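Contents: one structure, followed by commentary.
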């Protein structure tokens, strides 16, 4: 019975993701109506420390000479998670769109729970870092967030010919105590690199 209760929120989340995909394709212009999916990669991350979940699918798509990668995801961020979810995108890719309908159970006055950090420093492993949840607002250690759920949509295009894309996906948070006693928030304590391919010959 306990297992069924845990499965219900996840099933509802996946259903919401499917609805989001349908709405996206129904509301965008005919110019983008002929995308062919070349590859799909599903992912599921659960942070053992906080219980937060980040799940979804990456789509590699082509439209003639055009290429893009779409991420459709769902997050369940618990009240003990001070960070939330993270999407890290490498150099060589351009962010076209990033959206979420995530809402917090307590802080209902905040409507935008996504923040995108951008850097062109080649020494950085990621050009874009997309935060969803408390970290998007720089919440303090004793934040009043109540957790929540929501969908995530990210669209990327390559700035040069690319045969694959590797993104870093993460969720969860923890605190590291420094020698002087200060607490430092560590984000994306559960993470993985996910690669999606455009080259069908590599399959």
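Mean sequence separation of contacting Cα pairs (under 8 Å, at least six apart), scaled by the length of the stretch 75-125, corresponds to a relative contact order of 30 percent. Sorting the segments 160-166, 178-184, 120-126 by their mean number of nearby beta carbons within 10 angstrom, highest to lowest, gives 160-166, 120-126, 178-184.
Values in this text are rule-based calculations from the coordinates and carry no lab data. Everything numeric in this text was worked out from a predicted model, so none of it was measured. Cβ: placed from backbone, ideal geometry, glycine included. Neighbour counts: every protein chain shown.
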